[in-house]
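Have a look at the structure below before the remarks.
The numbers here are math on the coordinates, done by the rules we state, and not lab data. Since we're looking at a predicted model, the values are computed, not measured. Glycine also receives a Cβ, built like all others from the backbone with ideal geometry; neighbour counts cover every protein chain displayed.
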Amino acid sequence: MRKVAFALVALVLMACGLRSVDSGPDLIVDVTPEMVVGTWRDVERDATFVFAADGTFQALNVPPEYFLDFKNALTPEYDRSRDRIDAVGTWTLPGSKPSAPAQVRNMVDITFEPGGFIQSRGGAGLDVKTRGSQTVLQFRAIVFTRCPEPCVGGSGVSPSPSR
């Protein structure tokens with residue numbers, strides 16, 4: 001009886017493990033520059049990143065969560081309830097994260113340049129993941145999906161005076 005119970009538990013654990021690896025909601029992507037270049041949008045926050053092939057980017061309405069990790073990043077004049085953060089900067093593919101399988105690049109590092117409401121240079125990484133058949137860029141709970149060109153914002157809000 002003990003052997004049967006053990007075998008059943010082992011089968012259940014194996015099935016759960018296989019399901020989480022094969023069909024989990026987020027799978028690691030071996031990202032290439034060609035995959036990144038283009039327009040990415042988070043509709044929920046009306047935020048857009050446009051990544052160029054030369055390693056630069058432009059962003060409209062960057063969520064302020066990007067600036068929490070580096071001190072004095074935003075000017076004292078920035079008011080979250082009123083202002084948008086529009087930005088420029090550079091992006092790179094640094095290689096694999098320590099937790100990722102060897103030789104798999106699954107990050108896009110972005111560095112914001114000072115200007116507008118951004119007063120100090122700094123950055124953050126975007127995780128590159130696959131959700132179903134779609135590749136997404138994710139920072140914390142903020143998820144950007146690739147837009148078909150041209151990608152137009154839905155809010156109708158014009159860019160802030162930050163740029």
Query raised in the report: Quick one: if the Förster radius is 30 Å, what FRET efficiency do THR32 and LEU68 give, using the C-beta to C-beta distance and rounding to 0.05?
Result: 0.55
Query raised in the report: From a point 7 Å beyond the Cα of ALA53 in the direction of its Cβ, which residues of the range 108-149 have a backbone N at a distance under 17 Å?
Result: 149
